[in-house]
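Laboratory data are not the source of any read-out in this text; all were calculated from the coordinates shown. Everything numeric in this text was worked out from a predicted model, so none of it was measured. Using ideal geometry, Cβ is built from the backbone for each residue, glycine included, and neighbour counts are taken over all protein chains shown.
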Amino acid sequence: MNQFESSHARNQYEIGAADISAIVQTVRDHKRFAFLVVRGDRGELQIVVDKSKLEIPPVGSFVRIQGDIVSSEKANSGIEMQCSSIALTSKPAALPPFPLDKPIEASLDLVLDLRAVSLRNNYSDAVFRCQSAIGNAFRDQLHYEGFIEIHSPKLVGGGTEGGADVFKVAYFDREASLAQSPQLYKQIACGAFGKVYEVGPVFRAENSNTSRHLTEFTGLDFETTLHRDQHELMDIEERFLGRALKYLSLFQRERQLLGFDIPSEVQIPRISWQEANQLVEKHGTSTPDQTHDKAIGQAAKLEFGSRFLFVYGYPEDEKPFYVMPSSEPGFTESFDFLVDGLEVSSGGERINDLALLEERMKAKGLAPEQYPGYLSAFKYGMPKHGGAGLGLERVTQCLLGLHNVRESTLFVRDPRRLDP
Ligand code: ATP
Ligand code: MG
């Protein structure tokens, strides 16, 4: 058991005297007794309160509760507390507008407007506990494999990675932009340290209101020297996924609440871009109202029975300038990782030759002279290398089966939302 697993295993209430701080999630009022369910840092607990002795706190209030935790057949978790004292630690001015213990039925817009309180709902609580475990799994896996964590700047001058989705910011008397990814910096760092990863914000000025796009999300990025080819990168993602699922399997309460499955083993089929298109053709999954990725995902599910899929060898025009061209002209050493036909990651081998890199930049309409810092790494020689980037909110959305990426985003940034 590693540190994460053992600390999670300890994280439950135990029989005996207890003193806990929690939020009151529900109150069931009976004649002599009231039954509260409170949620503290060890999850939910039923509290039995003798109404002749103690006052019942309102739903949504924060309390310090003392008493004895005993086993109980009637409580869902098999334990409950016989309460001896309740103190309100703050007096709310209003009752919560949403239930704290049931799925919220209000519109997603209202849920996001009232984020401070919708986050207190136990479904939402479950989502972000699972997300934290997924982030931990990424860090733990890469550390275990000898990567070091880096922190690259999010304010960048000069050339960007291309595409129109850049946020410009005023930077004194110049213009800068917000980093679209740590791509160029993680490659430079890979040239210095070999194996690097970063968990940090990524900004995309994508004016699209879909259920999978945000304008700011959390990137899980890594870059490493390669021995063979990009399959080593897919191996790393496969091992990360295995660890993430193992961590999530410890979250029984959250899994029950959100109703998601954990596959017992992770063996992700890998098919080429051409094979993916042949599968779509074979199973007839292409429809006008869904993305090509969705059609690929459905075809792969029918073919392999797998929700997970790697597609590799994308055409050059679908990928950025820095991806390594394949020996087959017009194609690249790149891959996407799809879950149920939704992209959760893109990666691949990178060009490590200066002349080829400059040529590819020009072909994509970029001016090499705007990238002196990046290109100097190649001038002094770069190892054979590659990497990938995943979106934490997307991975959470897919693994937990959420409809909209906003449900797995703590504070949403999209074209219409900058607050809260
Ligand atoms: P998409 O095709 O879904 O728009 P992309 O190919 O533009 O994504 P990449 O640049 O490959 O995205 O980013 C790597 C990963 O970051 C994606 O696989 C996805 O998990 C996540 N990601 C990318 N764009 C967004 C976004 N706008 N909102 C949330 N996550 C994103
Ligand atoms: Mg991509």
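If you line up the long axis of helix 354-363 against the longest principal axis of the chain, both from Cα atoms, how many degrees apart are they, to the nearest 10? On a 0 to 90 degree scale, this one is about 80.
For region 1-98, applying the loop criterion from DSSP together with a ceiling of 15 other beta carbons within 10 Å to the GluC sites (Glu not before Pro) yields Glu14, Glu55, Glu73.
Estimated from helical segments only, the mean residue ellipticity of the chain at 222 nm is -9000 deg cm²/dmol, where each DSSP H run of four or more residues counts as -39500 (n - 2.57).
The GluC sites (Glu not before Pro) of region 225-291 that DSSP puts in a loop, and whose beta carbon has at most 14 other beta carbons within 10 Å, are Glu265. The order of Ser177, Ser376, going from fewest to most other C-beta atoms within 10 Å of their C-beta, is Ser376, Ser177.
So between Lys246 and Glu145, what do we pick up on full extension, going 0.36 nm a residue minus the alpha carbon distance?
That works out to 34.7 nm of additional length.
Quick check on the exposure proxy: order Phe222, Phe321 from fewest to most C-beta atoms within 10 angstrom.
Phe321, Phe222
Here the alpha carbons of region 285-420 define both size measures, Rg and Dmax, at 18.0, 49 Å.
Using C-alpha pairs below 8 Å separated by at least 6 residues, the relative contact order for region 11-95 is 30 percent.
Place a label point 7 angstrom from the Cα of Leu356 along the Cα-to-Cβ direction, then list the residues of region 300-321 whose backbone nitrogen is under 11 Å away. Answer for region 300-321: none. Note on the chain: dipole from Cβ charges, positive end direction compared against Phe203, Ala133, Pro182; the farthest Cα belongs to Ala133. Helix 122-144 axis versus longest C-alpha principal axis of the chain: approximately 50°, rounded to the nearest ten. Quick one: angle between helix 231-249 and the longest Cα principal axis of the chain, in degrees between 0 and 90, rounded to 10, please. Once rounded, one gets 0 degrees. In this simple spin-label approximation, Gln370 and Lys53 carry label points 7 Å from Cα along the Cα→Cβ vector, and these lie 7.3 nm apart. Using bins of 10 Å that start at zero, the share of Cα-Cα pairs per bin across region 11-95 amounts to 19, 57, 22, 2, in whole %. Within the shell defined by Cβ-Cβ distances under 9 Å, the residues around Gln25 carry a net charge of 0, with Lys and Arg each +1 and Asp and Glu each -1.
Going by C-beta contacts inside 10 Å, put Phe35, Phe337, Phe217 in order with the fewest on the left.
Working: Phe35 16, Phe337 26, Phe217 20.
In order of increasing Cβ crowding within 10 Å: Phe35, Phe217, Phe337.
What longest range of the chain stays clear of loop-exposed trypsin sites (Lys or Arg not before Pro) (DSSP non-H/G/I/E/B, at most 11 other C-beta within 10 angstrom)?
Numbers: sites that count: Lys31, Arg32, Lys53, Lys74, Arg228, Arg416.
Segment 229-415 is the longest.
Would you work out which of Phe33, Ser90, Ile104 lies farthest towards the positive end of the dipole of region 30-170, given +1 charges on the beta-carbon of Lys and Arg and -1 on that of Asp and Glu, about the Cα centre? Toward the positive end, the furthest listed residue is Phe33. Restriction of the chymotrypsin sites (Phe, Trp or Tyr not before Pro) in region 105-197 to DSSP coil positions whose beta-carbon has at most 13 other beta-carbons within 10 angstrom yields Phe172.
How far, in nm, would the chain grow between Ala363 and Lys91 when pulled straight, counting 0.36 nm per residue and subtracting the alpha carbon separation?
Using 0.36 nm per residue and subtracting the Cα-Cα distance, I get 91.6 nm.
Only the Cβ atoms of Lys and Arg (+1) and of Asp and Glu (-1) were treated as charged; on that basis the dipole of region 156-228 about its Cα centre amounts to roughly 220 debye. Remark: the chain projects, on average over all directions, an area of 24.4 nm² (convex hull of Cα atoms). With the simple model of a label 7 Å out from the Cα in the direction of the Cβ, Leu108 to Gln274 spans 3.8 nm. Multiplying each eigenvalue of the alpha-carbon gyration tensor of region 84-201 by 5 and taking the square root yields semi-axes of 39, 23, 14 Å, largest first, rounded to whole angstroms.
Return a whole-number percent for the relative contact order of region 166-241, with Cα pairs under 8 Å and 6 or more residues apart as the contact set.
In percent, rounded to a whole number, it is 27.
For the chain, calculate the relative contact order in percent as a whole number, restricting contacts to Cα pairs under 8 Å that are 6 or more residues apart. Reported relative contact order: 13 percent.
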